[in-house]
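This report refers to the structure that appears directly beneath it.
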Amino acid sequence: MAETAAAGPWKRLALWLLLAPALAWLLALIVLPHVELAVLSFRERVGPRQYALSFAQYRTFFEEPLYWHVFVRTAWLSVISTLLTLLLALPIAWVIAKLVRGRAGALLFAICLIPFWVSETVRTLGWMILLRESGVLPALLVKLGITAVPIELLYRDATILVGLVYTSMLFMLVPLVSSLESLDDALVEAAYDLGAGGFAILRTIVIPHAAPGITAGCIIVFMLTLGNYLTPTLLGGKNSQWFTEQIYTQFITRFNWEQGAALGFLLLALSTGLVVAGLKLTGQRFGDVMRST
Amino acid sequence: MIPSLPRPLWLRTATWLYVGAFLAFLFLPLAVVAVFAFNDAPYPAPPWRGFTLDWFLGSAARARVGLFEDHELLASIGTSSLIAVWVTVLAVLIGTTNAFLLERCRFWGRQALSILMLAPLVIPGVILGISILALASRIAELADELLGWDLDFLRPGLPLVVLGQFSYVVTIATLTISARLRRFDRTLEEAALNLGASAPRCSARSCCRICGRHWPAPPRWPFCCRSRISIRR
């Protein structure tokens, strides 16, 4: 603060004017709501409009196998879907950043982004038309003679994964392309001249260089997947058993806000824990990673 | 590998096959929705039963109520657009002040603040939604109990939806605008100051110049992220 104070009153005023909206946003919409959520999760209804401090909500979570099952399942499917998204996006990002450049590259990139201007609801509806029993793909399979009768492709775990990968593709592609674009071709050429094969180049040059972009993409995709409600519910139906559904049910259907808040906090702990573990594992720092997007 | 290195034929073929398959994956769901909007059948499912505009122009008299006759549906499109406009305006505004704060000011706690600003990206949307809902209800209840005020905008409704979307869209706006601001050559601003431009005027002008080309980008994000959290509806 000393530096700005010395620079004159105008700069100081400007600082406070810029600081005010940022603080208002962070306090009123991020920090205080989470404090309220924490307070909610640590209380229990003991009578009409009477509440007492308790760990009952958290105890319910650990004693009820359903919650446990759904919790682990959601985390597991989210990790798989994140890795699948990375695997599918990496070759495309390479083509956009390295193989087709200039206008053609920009055009291909734009084409890949266009589907994401449409809302998630419409895209999911498209998948439902394609995959349901009376849909396009089962009819095609019958016509090709692969199956005798139309089979139901919706309401399976694989379907949920397809939907999740599709929904998060954009958030993986953008950081990947921007981190690959900054890779100097000369490094790849030098490695090739020194006798490195394709896989060695990928492992020792491309991946280390793109690591911040890969990590950023993985973090955002993982978060979006874990917190997704629409796609698992529509594509998975009653079998989807996604953790956000449990939270939604507690809040909206059962009006048990205390239980919902506790489940929400557990989800937050899970996501934070997994992201921190991922950062530690890859030796990245959160701030640097996020700014590379 | 890169174009300057020799690539075997199978690799080139495989690359383009993959690009084709990827684009098919991206566009198939959209194409299907677009095509079946014109199918002359009660359900969006094969087989194709002929072209019709009923789903757009149909009226109650013809058993199928088309989009342009369904006033409830049209009103909901209006609601969505209204929310999107509000969220976009607010997010770009606060995103710009945030970007200037992070890129142009030096103050104690700047690093911590910039990390906190990234937090909404890693908080699952549902949790952000329910926490804002819980806090708003608490404030509304307190105001009602203690002061007898009826703060209707804090009850579930459009103002809360706008706030909820805004709370994380700002982060995206901040990231894109500050990335642009960082690349901007500061000496241009200094030159303007030397030539007699006042400081606020200088900032405003430079901001419009550099962000002008970039501003269309952040608004598009809020639009496409809009459907993310259904709980906030």
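The values are calculated or read from the model by the stated rules, or taken from the named source; none is laboratory data. Only a predicted model underlies this, so the values are computations on that prediction, with no experimental measurement involved. Heads up, the Cβs are rebuilt from the backbone with ideal geometry, glycines too, and the neighbour counts pull from every protein chain shown.
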- In the list A:200, A:216, A:262, which residue meets the criterion of being of a type in the set (A, V, I, L, M, F, W, C), crowded, with 17+ Cβ neighbours inside 10 Å and more than 11 Å from chain B (Cβ to nearest Cβ)? A:262
- Of the residues that make up segment B:122-136, is at least one within 13 Å of chain A (Cβ to nearest Cβ) and surrounded by fewer than 19 Cβ atoms within 10 Å (Cβ to Cβ)? no
- Would you check if there is a residue in segment A:84-92 being surrounded by 21 or more Cβ atoms within 10 Å (Cβ to Cβ) and closer than 22 Å to residue A:184 by Cα? yes
- Note on the structure: Taking segment B:46-69 and keeping residues outside any helix (DSSP H, G or I), out of contact with any helix residue (DSSP H, G or I) (no Cβ under 7 Å at 6 or more places or on another chain) and either crowded, with 16+ Cβ neighbours inside 10 Å or among the hydrophobic types (A, V, I, L, M, F, W, C) (or both) leaves B:48, B:51, B:52, B:53, B:63, B:65
- Note on the structure: Flagged in segment A:123-169 as within 27 Å of residue A:218 (Cβ to Cβ) and β-branched (Val, Ile, Thr), in numbering order, are A:124, A:159, A:160, A:162, A:165, A:167
- Note on the structure: The residue that is nearest to the other protein chains (Cβ to nearest Cβ), considering only those in segment A:235-249 that are under 21 Å from residue A:122 (Cα atoms) and either of a type in the set (Phe, Trp, Tyr) or surrounded by 20 or more Cβ atoms within 10 Å (Cβ to Cβ) (or both), is A:244
- If we only count helices (runs of 4 or more DSSP H) wholly inside segment A:134-197, which ones have 3 or more residues that are hydrophobic (A, V, I, L, M, F, W, C) and more than 21 Å from the chain's Cα centre (by Cα)? A:136-143, A:185-193
- If you check residue B:19 against the conditions, is it surrounded by 13 or more Cβ atoms within 10 Å (Cβ to Cβ) and either within 24 Å of the chain's Cα centre (by Cα) or within 13 Å of another protein chain (Cβ to nearest Cβ) (or both)? yes
- Find all pairs meeting these conditions: Cβ atoms under 7 angstrom apart; at least six residues apart or on different chains; first residue within segment A:274-291 and facing chain B (nearest Cβ under 7 Å) and surrounded by 11 or more Cβ atoms within 10 Å (Cβ to Cβ); second residue part of a helix (DSSP H, G or I) and small (Gly, Ala, Ser). A:287/B:114; A:290/A:216
- Task: For residue B:100, indicate whether it is more than 7 Å from every other protein chain (Cβ to nearest Cβ), outside any loop (DSSP other than H, G, I, E, B) and either touching a strand residue (DSSP E or B) at 6+ places or on another chain (Cβ under 7 Å) or among the hydrophobic types (A, V, I, L, M, F, W, C) (or both).
- Result: no
- Note on the structure: If you go through B:140, B:204, the only one that is at pLDDT below 90, surrounded by fewer than 20 Cβ atoms within 10 Å (Cβ to Cβ), more than 9 Å from chain A (Cβ to nearest Cβ) and farther than 30 Å from residue A:122 by Cα is B:204
